[in-house]
Amino acid sequence: MQNQSSPLILTFGPADPVGALGIQSDVTVFAMHGCHALSVVTGLLVADSARVDDIQPTDHAFVVEQARMLLEDMPVSAIKVGTMASLEQIAAIAEIVSDYADVPLILDPFTSSLPDCGTRDDDMMTLIHQLLVPQASVFLLSQPELARFADCWRDPASLATVAEDAAELTGLGCGHVLVTGIGGGDGTRCNELYDADGLATALPWSQHLPGPFVGAGSTLSAALAAVMARGAGAQDALPPAQEYVTGALANACRFGMGRLIPNKIFRAPGAAC
C-alpha cells in the first residue's frame with residue numbers, strides 16, 4: 001500500500017447522464033491531469049446530447065454532510081464549484097469553502113444549456129455575487145454570462161466594458177476573473193484573465209474548431225482547477241489548461257443527434273472517436 005500522492009480536488013456539480021458537464025466531466029479531466037476527484041452532487045440533470053430539459057436539486061443538507069465528511073477525512077489541493085441548483089445550496093457551499101480559504105477555489109456556476117429559472121435565477125446570481133465571488137481564486141464565465149451577471153450591481157440599461165465589470169468582481173475580493181469567448185474587431189476570439197490590476201493575460205481562441213459543443217466551459221474550468229491543484233497560479237495555469245481544452249474540442253465526439261462532446265481523453269492511446 002502507498003500513500004495517496006495525486007492531488008485531490010473537491011468538485012461540486014450536477015450529475016450529467018451524457019458526461020459532458022458536471023461531475024462526470026470533472027472526474028475525467030482531473031484524471032487526465034494526474035489528479036483525483038472527490039465529488040459532491042448538487043443535482044441530477046435530465047439531458048441528452050442536444051439539450052438539458054431539467055435539473056433535480058439535491059437537498060442542501062446532503063450536500064453539506066457529504067462535503068464535510070470528505071474534507072474532514074482528506075486534504076484537498078483545490079475546490080471547484082460548478083452548477084448549483086438552489087439558494088440553500090449556494091449559501092451552504094459558501095459557508096463550507098470559507099473554512100478552506102487557503103485552498104484555490106475555481107468558481108464556474110453558470111451553464112448556458114440549463115433551462116432558464118426566471119426570477120429565481122436572478123436570486124441565485126445575486127447570492128453567488130454576494131457569497132461566492134469574494135472567495136473565488138478564479139471566477140470563470142463567458143462574455144454573455146458576464147453581461148447578464150452584471151445586472152447584480154448595475155442597471156441593465158447601462159453600458160460597461162468587460163474590464164469594468166471584471167474590476168467590480170476583483171474589487172469584491174475575487175482573485176481572478178476569466179472571461180471566455182471575447183470577440184475582437186478582426187473576427188478572432190480570446191479568453192481574457194483579469195486580476196486586481198486589470199487585464200493579466202489574453203489568449204487567442206482557435207476559430208477553426210468544429211461545433212457546436214456542450215461542455216467546453218466546464219472542461220476549461222476543470223483543467224484550470226487541476227493545473228492549479230498541482231501548484232500553479234492562475235496566470236500560469238491558464239495556457240496549459242486552454243491548450244488541453246483546444247485538443248479536447250479538436251478531437252470532439254458526436255455521440256448522438258445533438259452537439260459535439262469534448263473528447264477529454266484524446267491524449268490516451270486509442271481515444272479517437
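Regarding A94, is this residue in a helix (DSSP H, G or I) and either charged (D, E, K, R) or at pLDDT 95 or above (or both)? Yes, satisfied.
All conditions but one from (1) surrounded by fewer than 23 Cβ atoms within 10 Å (Cβ to Cβ); (2) touching a residue at least 60 places away in the same chain (Cβ under 8 Å) apply to I79; the one that does not is (1).
So D236 passes all but one of these: (1) more than 17 Å from I106 (Cα to Cα); (2) loosely packed, with under 14 Cβ neighbours inside 10 Å; (3) of a type in the set (D, E, K, R). Which condition number does it fail? Looking at each condition in turn, D236 falls short on (1). Return the total of residues in the stretch 28-57 being within 18 Å of L220 (Cα to Cα), in a strand (DSSP E or B) and open to solvent by 30 Å² or more (accessible area, probe 1.4 Å). Result for the stretch 28-57: 2. Taking the criterion of being modelled with pLDDT of 95 or more, open to solvent by 40 Å² or more (accessible area, probe 1.4 Å) and either among the acidic types (D, E) or part of a loop (DSSP other than H, G, I, E, B) (or both), would at least one residue in the stretch 174-194 satisfy it? So far as the stretch 174-194 goes, no, none of its residues is modelled with pLDDT of 95 or more, open to solvent by 40 Å² or more (accessible area, probe 1.4 Å) and either among the acidic types (D, E) or part of a loop (DSSP other than H, G, I, E, B) (or both).
When you look at T201, is it of a type in the set (S, T, N, Q), modelled with pLDDT of 90 or more, assigned to a strand (DSSP E or B) and surrounded by fewer than 18 Cβ atoms within 10 Å (Cβ to Cβ), yes or no?
Taking the combined requirement at face value, the residue satisfies it.
Taking E88 as the residue in question, decide whether it is open to solvent by 40 Å² or more (accessible area, probe 1.4 Å) and in contact with a Pro (Cβ under 9 Å, 6 or more places away or on another chain). Criteria met by E88. Restricting the stretch 58-76 to residues that are touching a residue at least 40 places away in the same chain (Cβ under 8 Å) and open to solvent by less than 80 Å² (accessible area, probe 1.4 Å) leaves a set whose member that is farthest from L10 (Cα to Cα) is V63.
Inspect all residues belonging to the stretch 239-253 and state whether any of them is part of a loop (DSSP other than H, G, I, E, B), farther than 21 Å from I79 by Cα, among the small types (G, A, S) and open to solvent by 10 Å² or more (accessible area, probe 1.4 Å). There is at least one residue in the stretch 239-253 that is part of a loop (DSSP other than H, G, I, E, B), farther than 21 Å from I79 by Cα, among the small types (G, A, S) and open to solvent by 10 Å² or more (accessible area, probe 1.4 Å).
The values are calculated or read from the model by the stated rules, or taken from the named source; none is laboratory data. Since the model is a prediction, treat every value here as computed from it, not as a measurement. Here the Cβ is made from the backbone with ideal geometry for all residues, glycine too, and neighbour counts use every protein chain on show. Areas reflect the complete protein model, heavy atoms only, side chains present, ligands, DNA and RNA absent. Shrake-Rupley method; radii C 1.70, N 1.55, O 1.52, S 1.80 Å.
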